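What follows is a single structure, written as structure tokens, with notes after it.
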Amino acid sequence: MLKKNIKIISLEITGMTCDGCAKGIEKSVASLNGISQNKVNYQKGEGNFSFDENIISKENIIQEIEKTGHYKVEGTLNSKTNHFDLIIIGGGSAAFSAAIKAEGLGLSTLMINGGLDFGGTCVNVGCVPSKNLNRAAETAYHATHSNFKGIKPRGVDIDFKQIIKDKKALVTTLQQKKYLDVVSGFENFTMLEGWAKFKDNKTILVNEKDCYTAKKYIIATGSTTNIPNIEGINDIDYLTNVTLFDLEEKPESLTIMGAGYIGLEIAMAYNRLGVKVRIIEFTDRPLRSQTKDITDVLETQLKNEGIKIYPNYRVLKFENKGAKTSIHCKCPDGSIALFEESGRILIATGIKPNTFKLGLENAALNIDKDGYIMVNSKMETNLSNIYAAGDVINTPSFVYTAATEGNTAVTNAFTEENRMVNYTSLPWVVFTDPQIAGVGLDEIMAKKQGIVFEVSKIELKDIPRAIVANDTRGFIKLIRNTKTDKLIGARIIAPEGGELIQQLSMAIKYGITIKELAESFYPYLTLSEGIKLAAITFGKDISKLSCCTS
């Protein structure tokens, strides 16, 4: 496929007498193949156009404008097309959040995006497709498994290709509605497809030919899968989350390299959709970032569903053997194991920032040893005119943190608010089944910080909602500062446990005490009642409490 060659021009147009004229020109030009964006301003007497030079030329656009005889293009306003108040490099959550804020401030903004489609990781190859497939897989699972003896599931007929087609349609719809449509009416905003590289700290080069300048820059180029340096890996047709979710043909089997949250969510979804799944993890257990009591519950569920897990196995070499791939691993005891994979191999071994083609060395921008752009809590870099946000900086990698960071970067670049991002009460969720959710500190973190703390943990087998649902997998755990009685952290592993975590995030943010949590009203036979019970059990034995305790 021929790579797009996007050009931006600004034309001086005479003959317009009202906004209707401008709208008419926009409609006419939009009908041309190769136009990516066009905005015509009657008051200024100009039109701004983005187009693919491989498909259409400037002359074609001028002819379209002048064809009725009512309007005339007097010339090209080149000086107005290459300088902006703000240039955003990237096209994901942080970038769009920054663009929305910039439009509200009346800033002329250019967004330059290369790699993934506009919308970035979340909508295209991350949150949206993965959670859609998780829900599809959950539906299939419940059609074959029941928590009630009196209900006998009759099985399920899975049309894998249709599931993927529906996922693709959903991605396309949300990309349009939640990203492109949001900015389509912006008066001061231009989108450009291409690769941006800093020529110096005040100038960028796009697609190695066109120079643009701005008062301020925001780098929001996101991240990509960190491919490990393993012998033979470049000789096999491995998958990442970017390529996996578009496969319409269901693989017979799937070996997943890595047992972090990405690998685990994919493992559970694809296993439930009928793919034989194996996980190879070089640490001692899945989701090593969490305490062992959490991962024990999860590992039990994974194994019960037939997913093979190989902890403390280190892959040494891949060998392409035609229809199969040989995987050579070093075992925990030092011996060598050989796995044969006749299906596909997925690399889910973490992420790395997309900073390697930006020419940051030309701008003298500071990055850390892993390539992340170094920022402070205001999203400021070591250069006063350059900010950064999202996965390209070493902060928690979530779509909602990226959005906050993008907004914060624009706010601090163009106003006197001095806004800072505080992650103390940041909630997060891993969408396995049961879900894992957390906020604030766990026991290990609190101990490292020297905080005097106490832990209360209530098993789901002691929570009425879970009891009546015949699904008692997991627990709710609260961590409090003993001296202040304030909640400083929480961890939940439970079916739909992610729906509980926002309340606990708010409790940490606003300094709510355990006593206040325990004395609040909670609807009976909701899982949220488990928070009340966990708060109460800091001072009482749950086994001796009534269902109506308070």
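The values are calculated or read from the model by the stated rules, or taken from the named source; none is laboratory data. Predicted, not measured: the structure shown is a model, and the values here were computed from it. A quick note on method: Cβ atoms are made from the backbone with ideal geometry, for glycine too, and the neighbour counts reach across all protein chains shown. Each accessible area value is taken on the protein alone, full model and side chains, heavy atoms only, with ligands, DNA and RNA left out. Shrake-Rupley method; radii C 1.70, N 1.55, O 1.52, S 1.80 Å.
In region 121-227, counting only strands (runs of 3 or more DSSP E) that sit wholly within it, the ones holding 3 or more residues that are surrounded by fewer than 17 Cβ atoms within 10 Å (Cβ to Cβ) span 210-219. Looking across region 432-449 at every residue that is among the hydrophobic types (A, V, I, L, M, F, W, C) and outside any loop (DSSP other than H, G, I, E, B), the one that is most open to solvent (accessible area, probe 1.4 Å) is identified as Ile444.
Return the residue satisfying two criteria in turn: it lies in region 195-232 and is in contact (Cβ under 8 Å) with a residue 24 or more places away in the chain and among the acidic types (Asp, Glu), and of such residues it is farthest from Ile367 (Cα to Cα). Talk me through it step by step, then tell me what you get.
Let us first name the residues in region 195-232 that are in contact (Cβ under 8 Å) with a residue 24 or more places away in the chain, namely 195-202, 204-207, 210-228, 230-232.
This time we only want the ones that are among the acidic types (Asp, Glu), so: 200, 210, 231.
Values: Asp200: 16, Asp210: 26, Glu231: 28 Å.
The extreme case among them is Glu231.
Being part of a strand (DSSP E or B) and open to solvent by less than 30 Å² (accessible area, probe 1.4 Å) is a property that does not hold for Ala409. Within region 492-503, residues that are modelled with pLDDT of 95 or more reach partners that are open to solvent by 20 Å² or more (accessible area, probe 1.4 Å) and part of a helix (DSSP H, G or I) with beta carbons closer than 7 Å, at six or more positions or on different chains, in the pairs Ile493/Val297. Considering Phe356, Phe339, Phe318, the condition of being of a type in the set (A, V, I, L, M, F, W, C) and touching a helix residue (DSSP H, G or I) at 6+ places or on another chain (Cβ under 8 Å) is satisfied by Phe318 alone. Applying the criterion of being over 27 Å from the mean Cα position of the chain (by Cα) and among the small types (Gly, Ala, Ser) to the residues of region 285-334, the residue that is farthest from Pro434 (Cα to Cα) is Gly322. Of the residues that make up region 390-404, is at least one surrounded by 19 or more Cβ atoms within 10 Å (Cβ to Cβ), over 21 Å from Val123 (Cβ atoms) and touching a strand residue (DSSP E or B) at 6+ places or on another chain (Cβ under 6 Å)? Within region 390-404 (the criterion being surrounded by 19 or more Cβ atoms within 10 Å (Cβ to Cβ), over 21 Å from Val123 (Cβ atoms) and touching a strand residue (DSSP E or B) at 6+ places or on another chain (Cβ under 6 Å)), the answer is no, since none of the residues qualifies. Within region 504-522, residues that are at positive phi sit with their Cβ atoms under 6 Å from residues that are outside any helix (DSSP H, G or I) and open to solvent by 40 Å² or more (accessible area, probe 1.4 Å), at 6+ positions apart or across chains, in these pairs: Gly511/Lys486.
Kindly indicate whether Thr295 is more than 19 Å from Pro251 (Cα to Cα), of a type outside the set (Asp, Glu) and open to solvent by less than 10 Å² (accessible area, probe 1.4 Å). Here the answer is yes, as Thr295 does meet what is asked. The set of residues in region 87-111 that are under 22 Å from Val40 (Cβ atoms) and crowded, with 24+ Cβ neighbours inside 10 Å comprises Ala99, Ala102, Thr109, Leu110, Met111. Residues that are in contact (Cβ under 8 Å) with a residue 60 or more places away in the chain and β-branched (Val, Ile, Thr) within region 149-166 comprise Ile158, Ile163, Ile164, listed in sequence order.
Tell me, please, whether a residue that is charged (D, E, K, R) and modelled with pLDDT under 95 can be found in region 116-139. Checking region 116-139: at least one residue is charged (D, E, K, R) and modelled with pLDDT under 95. Report, by residue number, each residue of region 418-455 that is closer than 18 Å to Lys292 by Cα and either small (Gly, Ala, Ser) or at pLDDT below 95 (or both). Across region 418-455, the qualifying residues are Ala437, Gly438, Gly440, Ala446.
On the stretch given as region 459-486, residues that are within 31 Å of the chain's Cα centre (by Cα), under 20 Å from Glu443 (Cβ atoms) and β-branched (Val, Ile, Thr) total 2. Within region 458-478, the set of residues being aliphatic (A, V, I, L, M) and either more than 14 Å from Ser543 (Cβ to Cβ) or in a strand (DSSP E or B) (or both) comprises Ile458, Leu460, Ala466, Val468, Ala469, Ile476, Leu478. Within region 334-351, is there a residue that is among the hydroxyl-bearing types (Ser, Thr, Tyr), open to solvent by 20 Å² or more (accessible area, probe 1.4 Å) and out of contact with any strand residue (DSSP E or B) (no Cβ under 9 Å at 6 or more places or on another chain)? Looking through region 334-351, at least one residue is among the hydroxyl-bearing types (Ser, Thr, Tyr), open to solvent by 20 Å² or more (accessible area, probe 1.4 Å) and out of contact with any strand residue (DSSP E or B) (no Cβ under 9 Å at 6 or more places or on another chain). For region 104-137, a residue qualifies if it is closer than 23 Å to His83 by Cα and either over 15 Å from the mean Cα position of the chain (by Cα) or charged (D, E, K, R) (or both), and the qualifying residues are Gly104, Leu105, Gly106, Leu107, Ser108, Thr109, Leu110, Met111, Ile112, Asn113, Gly114. Selection of region 82-120 for residues being in a helix (DSSP H, G or I) and not basic (Lys, Arg) yields Ser93, Ala94, Ala95, Phe96, Ser97, Ala98, Ala99, Ile100, Ala102, Glu103, Gly104, Gly120.
Would you say Asp462 is of a type in the set (D, E, K, R), in contact with a Pro (Cβ under 6 Å, 6 or more places away or on another chain) and within 30 Å of Glu138 (Cα to Cα)?
Considered against the rule, which asks whether it is of a type in the set (D, E, K, R), in contact with a Pro (Cβ under 6 Å, 6 or more places away or on another chain) and within 30 Å of Glu138 (Cα to Cα), Asp462 comes out as no.
Annotation note: of Lys27, Lys7, Lys44, the sole residue that is loosely packed, with under 15 Cβ neighbours inside 10 Å and either touching a residue at least 24 places away in the same chain (Cβ under 8 Å) or more than 30 Å from Asn201 (Cα to Cα) (or both) is Lys27. Within region 126-148, residues that are in contact (Cβ under 8 Å) with a residue 60 or more places away in the chain sit with their Cβ atoms under 9 Å from residues that are surrounded by fewer than 16 Cβ atoms within 10 Å (Cβ to Cβ) and part of a helix (DSSP H, G or I), at 6+ positions apart or across chains, in these pairs: Pro129/Lys168; Pro129/Leu170; Ala136/Asp166. I'd like to verify a number: residues in region 312-324 that are at negative phi, of a type outside the set (Lys, Arg) and open to solvent by 20 Å² or more (accessible area, probe 1.4 Å), how many? Of the residues in region 312-324, 5 are at negative phi, of a type outside the set (Lys, Arg) and open to solvent by 20 Å² or more (accessible area, probe 1.4 Å).
Among the residues making up region 356-386, a single one is touching a residue at least 40 places away in the same chain (Cβ under 8 Å), surrounded by fewer than 21 Cβ atoms within 10 Å (Cβ to Cβ) and closer than 24 Å to Thr240 by Cα: Lys357.
Kindly indicate whether any position in region 450-457 is open to solvent by 10 Å² or more (accessible area, probe 1.4 Å), among the aliphatic types (A, V, I, L, M) and not in a loop (DSSP other than H, G, I, E, B).
Going through region 450-457, the residues open to solvent by 10 Å² or more (accessible area, probe 1.4 Å) turn out to be 450-455, 457.
Imposing the further condition that a residue be among the aliphatic types (A, V, I, L, M) reduces the set to 451-452, 455.
Those still in the list that are not in a loop (DSSP other than H, G, I, E, B) too: 455.
Yes, because at least one residue in region 450-457 is open to solvent by 10 Å² or more (accessible area, probe 1.4 Å), among the aliphatic types (A, V, I, L, M) and not in a loop (DSSP other than H, G, I, E, B).
For every residue, the table says whether it meets (1) among the aromatic types (Phe, Trp, Tyr); (2) open to solvent by less than 50 Å² (accessible area, probe 1.4 Å).
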site: Asn241; (1), (2): no, yes
site: Lys250; (1), (2): no, no
site: Ile256; (1), (2): no, yes
site: Ile266; (1), (2): no, yes
site: Tyr270; (1), (2): yes, yes
site: Asp284; (1), (2): no, no
